[in-house]
Each structure stands twice: as C-alpha cells, then as structure tokens.
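I have placed the structure first, in the form of structure tokens, so that the comments after it can refer back to it.
The values are calculated or read from the model by the stated rules, or taken from the named source; none is laboratory data. This is a predicted model, so every value here is computed, not measured. With ideal geometry, Cβ positions are generated from the backbone for all residues, glycine too; neighbour counts draw on all protein chains shown.
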Amino acid sequence: MSAATEAPPEPAPAPVLEVRKPPVRKRLVPYWLLLPGILWLLVFFAAPLVYQASTSIQTGSLEEGFKVTWHFATYWDALGEYWPQFVRSVLFAAVATLLCLVLGYPLAYLIAFKAGRWRNVVMILVIAPFFTSFLIRTLAWKTILADSGPVVSALNSLHFLDVTSAIGLTEGTRVLATPLAVVCGLTYNFLPFMILPLYTCLERIDPRLHEAAGDLYAKPVTTFRKVTFPLSMPGVVAGTLLTFIPAAGDYINAELLGSTDQKMIGNVIQSQFLRVLDYPTAAALSFILMAAILAMVTLYIRKAGTEDLV
Amino acid sequence: MRWLRRNAVVIAGLLTLAYLILPNVIVMVFSFNKPNGRFNYEWQRFSTDAWSDPCGVADLCGSLGLSLQIAVWATIGATVLGTLIAFALARYRFRARSSVNTLIFLPMAMPEVVMAASLATLFLNMGIQFGFWTILIAHIMFCLSFVVTAVKARVMSMDPRLEQAAQDLYASPTQTFLKVTLPIAAPGIAAGALLSFALSFDDFIITNFNAGSTVTFPMFVWGSAQRGTPVQINVIGTAMFLIAVLCVLGGQLFTGRRKRS
C-alpha cells in the first residue's frame with residue numbers, strides 16, 4: 001500500500017502493452033519484480049567484488065587482522081611472482097579454445113545439417129556427459145592417458161610423443177603430468193560450451209543458401225568459406241567466450257592432470273586463499289585475472305563486430 | 001578416397017563425439033573394476049562389489065544427499081528470483097534497464113574462481129559461519145543469471161497479441177497470466193530450472209571456497225582424488241548418467257506422442 005501512495009521520483013516508464021497511462025501502482029510493478037533478485041546479486045555478487053578490492057590493498061597478518069593501508073605494492077609483488085602462471089593460464093586457455101573450435105565445429109555442423117533423424121540422439125550424447133560429475137570424468141582421463149595405457153603406447157609407436165616433447169608439450173614417453181594432458185583435459189571439459197552455441201547458430205542458417213551457392217558454381221569449400229562460416233560468426237564468438245573464460249580461471253585440470261610445473265593462476269589463487277591464507281595476495285591476483293579477462297573479452301567482441309551479442 | 005573426402009565432416013564430427021563420450025565409457029567400465037590399491041585408475045578384474053554396495057564408503061552417500069538437497073533449493077530459489085527478473089526485463093520499460101542487464105551478464109562472464117574468492121572474503125569479513133547456507137547462497141547467486149537468460153528469451157519471443165486476445169475475451173489479469181502467459185513461458189522456466197540443477201549439483205570451484213568443512217559430492221570426489229578413489233564414485237557417476245539419459249529419452253517419447261495425438 002505504500003507503493004500506491006509513494007509517487008515515483010521520475011516520469012513514469014510505461015509497460016509496453018499498455019496504451020493508456022497506467023496508475024502509479026502499476027508503474028512500480030517492474031521494480032517490485034526486480035527487487036529480490038537484483039538485491040541478491042548486489043549483496044552476494046557486486047558487494048563481494050568491492051570487498052575484494054579493499055582486501056587487495058590491505059596489509060596485516062592473520063593474528064593481528066588486516067587493515068586497509070592502500071598497499072598497492074601487493075599487485076606488483078603478485079604479478080612479479082606469479083606472471084608465469086598468468087601467461088600459462090592465458091596460453092593453455094587459448095590453445096584449448098582453438099582446439100574446441102576445430103573439434104567442435106564439425107560436430108555442430110554434423111548435428112545441424114547431416115544428422116537427419118539421428119539429430120536428437122547425437123544431441124543427447126553431447127549433453128549427456130554433463131550428468132556425470134565433471135570431476136569424475138576428468139579423473140577418467142588419468143586412466144585413458146596412463147603411462148602404460150594403449151593411448152600412450154600408440155602415440156609412442158607413432159613417434160607422436162617425440163614431436164610433442166621436442167616442442168615442450170610433453171616430457172619423455174609420458175602424457176600425464178605434462179602441458180599436453182592439461183590442455184587435453186581443458187579442451188574436453190569445455191567442448192560442449194563450444195558446440196551448443198555453434199549448433200544453435202548453424203541450425204538457423206537457411207539450407208537454401210547452400211543450394212544457391214552451389215547453383216552459382218561455388219565449390220563446397222567456397223560455400224563454407226563465403227556463406228556458412230560468416231553466418232556462424234555469432235556462434236563462434238559466443239562459443240569461444242564460453243570456453244576461454246572458464247578455462248582461463250580453471251584449476252581442476254591443472255591439479256588433477258598436471259604436475260607442479262603446470263600450475264595455472266586458478267591454482268595459485270586457490271592455494272593462497274585456502275591454504276596460505278594470504279587474502280590480500282589472493283584478492284589482488286583474482287582482480288588482475290578479472291581485469292585481464294574483461295579487457296580481452298571487450299577487445300575481442302569489438303574486433304569480431306558482434307556487440308549486439310551481449 | 002572420394003568417399004573419404006565427401007564424408008570428411010561426418011567423420012571428424014563422429015571422432016569429436018567419441019572424444020566426448022570416451023571418459024563416460026571409462027567411468028562406466030571402471031565401476032566394475034576391483035582395484036588392488038586405493039586408486040581406481042588401472043584395470044584389475046571384473047567385479048560387481050561396488051554396485052551391490054554403493055554406499056559402502058564412509059560419507060559418500062551423505063555428501064550425495066547434501067548435494068541433491070542444495071541443488072533442489074538452489075534451483076527453486078534461482079528459478080523464482082530469475083523468472084521475476086526475466087518478466088520485468090521482457091515486459092516493461094524502466095530506468096536502469098541497461099545496468100540491470102549488465103548485472104545479469106557479469107556473473108556469466110566472470111571466472112568462477114574470482115566470484116568464489118570474493119564471496120568467501122565477504123563471508124569471512126562478516127564473520128558468517130561457512131556451511132550449508134553459504135553454499136546455498138552462492139549457488140543461487142550464480143544460477144540466477146542463467147535462469148534470467150533462458151526465461152527472457154522465451155517471453156520475448158511470445159506474441160503479445162495472445163494476451164490481448166485473452167483480455168478481449170474478458171479474462172482478468174490474473175486469469176490471463178495463469179492461463180496464457182505462464183503456460184507459454186513454461187518451457188523457458190523449465191530449461192532455466194534444469195540448467196540451475198545441473199550447475200548447482202556439479203559445482204566445485206565456488207563450493208570449494210564457500211563450504212568450510214561441509215562436504216558436497218564434488219568435494220568428496222576432489223578429496224578422494226588425493227586420498228584414494230573408491231569404485232563407488234564410478235557407480236554413482238554411471239547411475240546418474242543412465243538416469244539422466246533415460247529421463248531425456250522418456251521426455252522425448254512423451255512429447256513425441258503428445259504431438260502426434
């Protein structure tokens with residue numbers, strides 16, 4: 001009832017469907033709808049980020065407590081000490097995203113254009129792995145890539161591992177505890193996030209466009225390059241973002257499939273926060289990660305020219 | 001050779017599918033393993049021991065129950081709050097609209113570890129005890145945006161004339177909402193709810209920071225990766241996979257039959 005008596009502070013925003021100017025009570029409806037959810041996000045998402053910012057410039061110890069001392073040196077120290085992990089995170093995530101695109105595109109294309117009546121079955125097979133906890137599935141890669149397993153011995157007899165160890169992706173005759181294993185795990189874990197947006201985008205393409213290109217004597221490769229791929233760009237952009245962002249912050253694959261030499265920035269934040277209990281450093285590191293990712297994402301969206309996407 | 005070239009896309013797609021499915025097959029096969037040591041990474045011999053005693057490991061089924069409980073409450077919370085926001089965004093013009101959109105988008109564009117650490121910092125500073133409630137609060141927070149996105153897309157694509165028609169036929173606003181708007185929005189709401197359930201049930205990173213000593217199922221698996229992986233983990237992973245596939249198939253049969261009749 002207070003809603004009915006209080007006048008809104010500014011000219012009334014009218015509901016889309018109403019023609020006449022609605023009464024005050026109605027004009028407040030959207031705000032009431034928004035209130036609980038937005039409050040939740042403000043308190044448990046936005047406010048913590050502000051807290052985090054203030055924590056990152058605090059000094060002190062666990063026993064004496066932390067105080068804000070505008071100690072920006074934490075950022076420099078953190079960057080100076082952990083830049084290898086930052087570079088590694090971005091590198092691993094970028095390679096995994098590229099692999100996801102290369103592997104995921106044919107499958108999305110298959111579901112959209114070639115699967116016919118098998119479409120639903122293939123779709124279920126893409127989504128189904130989600131239902132087994134991803135930690136269990138990541139652990140399964142330990143079995144698949146085991147030193148004495150068939151995959152590693154096959155790669156060895158093909159001299160594949162000689163090539164990868166020459167460029168530093170693997171070490172000796174094993175795959176586990178090397179960058180290759182971590183990238184392989186990252187690619188596997190985020191592949192569905194690439195396939196689903198690609199599929200929704202490809203599915204909307206009118207098949208008659210393919211026919212038209214064919215009628216104009218375009219070879220299949222040309223059709224793909226000039227028609228299909230450009231039209232699927234929004235899916236490519238959405239998919240690469242959905243893959244790159246979580247992959248860059250991930251620490252599970254590096255922990256389970258890598259060794260101490262493959263630690264990513266997520267591992268550092270996790271151990272600083274939960275084990276070392278150095279909250280300022282953990283806060284500074286996650287701020288740098290957040291800023292780096294937001295900057296890269298904004299730049300990428302500008303470059304890809306799909307700003308209407310978000 | 002020609003055949004190979006013509007079907008290159010199909011072959012590449014199927015290879016990717018195999019890459020996606022392989023770990024699930026391994027999890028399933030190894031649920032019948034009888035490992036020698038504490039770790040279930042190498043095949044020894046066939047056994048159904050774990051299947052006949054899925055709760056035989058201490059704390060395993062307790063953590064599973066807790067995860068299910070949290071997932072149910074997080075789904076309810078996120079679906080209700082998210083649907084309200086989605087309706088406001090899809091149906092009304094108001095100030096601060098673009099800021100609201102940004103606030104909804106940001107949690108989805110943020111690495112989980114950043115959200116996890118900052119929320120834990122807040123709880124620490126406020127002196128709030130970590131446990132069931134902090135996990136639930138965190139899960140509702142990160143599921144919310146996904147519900148809003150799913151429901152908003154559905155409500156936006158709905159023909160506004162349907163509601164006008166209902167009102168022309170003397171339906172009250174409540175009746176219009178219950179008989180027209182809600183049924184049309186239902187698939188979007190259901191999709192958002194399903195997504196929330198899956199995200200909450202499987203979440204590890206945010207839970208790891210905000211759980212304190214409470215152990216959810218993913219936390220149990222994480223711990224066991226350090227201490228030794230019981231075969232029962234694979235049993236539960238396989239069972240969940242089979243139940244989910246059966247549900248999806250059943251749902252498809254059901255909707256298929258309804259469409260035909």
Here are some conditions: (1) within 11 Å of chain B (Cβ to nearest Cβ); (2) assigned to a helix (DSSP H, G or I); (3) in contact (Cβ under 8 Å) with a residue 60 or more places away in the chain; (4) closer than 28 Å to B:Trp222 by Cα. A:Phe113 meets all but one. Which one does it not meet? (4)
Tabulated pairs, region A:287-305, first more than 18 Å from A:Gly266 (Cβ to Cβ) and in contact (Cβ under 8 Å) with a residue 40 or more places away in the chain, second in a helix (DSSP H, G or I) and of a type in the set (Ser, Thr, Tyr), C-beta under 7 angstrom, 6+ apart or interchain: none
Consider A:Asn120 carefully, then state whether it is at the interface with chain B (Cβ under 9 Å from one of its Cβ atoms), free of Cβ contacts under 8 Å to residues at least 60 places away in the same chain and either under 30 Å from A:Met233 (Cβ atoms) or outside any loop (DSSP other than H, G, I, E, B) (or both). yes
Does A:Pro129 meet the test of being touching a residue at least 24 places away in the same chain (Cβ under 8 Å), assigned to a helix (DSSP H, G or I) and closer than 25 Å to B:Trp222 by Cβ? yes
Matching residues, region B:107-120, being part of a helix (DSSP H, G or I), aliphatic (A, V, I, L, M) and crowded, with 22+ Cβ neighbours inside 10 Å: B:Val113, B:Val114, B:Met115, B:Ala116, B:Ala117, B:Leu119, B:Ala120
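This table checks each residue for (1) modelled with pLDDT under 95; (2) of a type in the set (A, V, I, L, M, F, W, C).
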| position | (1), (2) |
| --- | --- |
| A:Tyr188 | no, no |
| A:Pro207 | yes, no |
| A:Glu211 | yes, no |
| A:Asp215 | yes, no |
| A:Val221 | yes, yes |
| A:Thr228 | yes, no |
| A:Val237 | yes, yes |
| A:Thr260 | yes, no |
Given the residues A:Pro197, A:Pro207, A:Pro234, which is the only one that is buried (at least 20 other Cβ atoms within 10 Å of the Cβ) and more than 9 Å from chain B (Cβ to nearest Cβ)? A:Pro197
Expected output for region A:74-94 (first residue closer than 17 Å to A:Gly185 by Cα, partner of a type in the set (Phe, Trp, Tyr), Cβ below 8 Å, 6+ apart or cross-chain) is A:Ala93/A:Phe244; A:Ala94/A:Phe244
Among the helices (runs of 4 or more DSSP H) contained in region A:162-280, which hold 3 or more residues that are in the same structural domain as A:Arg302 (by TED's automatic domain parsing) and within 19 Å of the chain's Cα centre (by Cα)? A:179-203, A:233-249, A:252-257, A:265-271
Yes or no: A:Leu28 of a type outside the set (Phe, Trp, Tyr) and modelled with pLDDT of 90 or more? no
Please count how many residues of region B:216-257 are within 9 Å of another protein chain (Cβ to nearest Cβ) and among the β-branched types (Val, Ile, Thr). 8
Please state which one of B:Gly56, B:Gly13 is more than 12 Å from chain A (Cβ to nearest Cβ), within 30 Å of A:Leu139 (Cα to Cα) and either over 19 Å from the mean Cα position of the chain (by Cα) or not hydroxyl-bearing (Ser, Thr, Tyr) (or both). B:Gly56
Do you know which residues across region A:201-219 are of a type outside the set (Asp, Glu) and over 18 Å from A:Ala115 (Cβ atoms)? A:Arg208, A:Leu209, A:Ala212, A:Ala213, A:Gly214, A:Leu216, A:Tyr217, A:Ala218, A:Lys219
Extreme residue, surrounded by the most Cβ atoms within 10 Å (Cβ to Cβ), among residues of region B:13-30 that are within 15 Å of A:Cys184 (Cα to Cα) and of a type in the set (Val, Ile, Thr): B:Thr16
Would region B:80-98 turn up any residue that is more than 30 Å from B:Arg161 (Cβ to Cβ), out of contact with any Cys (no Cβ under 6 Å at 6 or more places or on another chain) and within 13 Å of chain A (Cβ to nearest Cβ)? no
For region A:33-42, check the following and say yes or no: at least one residue is at positive phi and modelled with pLDDT of 70 or more. no
So, A:Arg137, is that one of a type in the set (D, E, K, R), free of Cβ contacts under 8 Å to residues at least 24 places away in the same chain, under 24 Å from A:Ile195 (Cα atoms) and part of a helix (DSSP H, G or I) or not? no
Note on region A:132-173: residues surrounded by 13 or more Cβ atoms within 10 Å (Cβ to Cβ), within 10 Å of chain B (Cβ to nearest Cβ) and among the hydroxyl-bearing types (Ser, Thr, Tyr) are A:Thr132, A:Ser133, A:Thr138, A:Thr143
Residue ranges of helices (runs of 4 or more DSSP H) in region B:43-106 with at least 2 members at pLDDT 95 or above: B:60-91
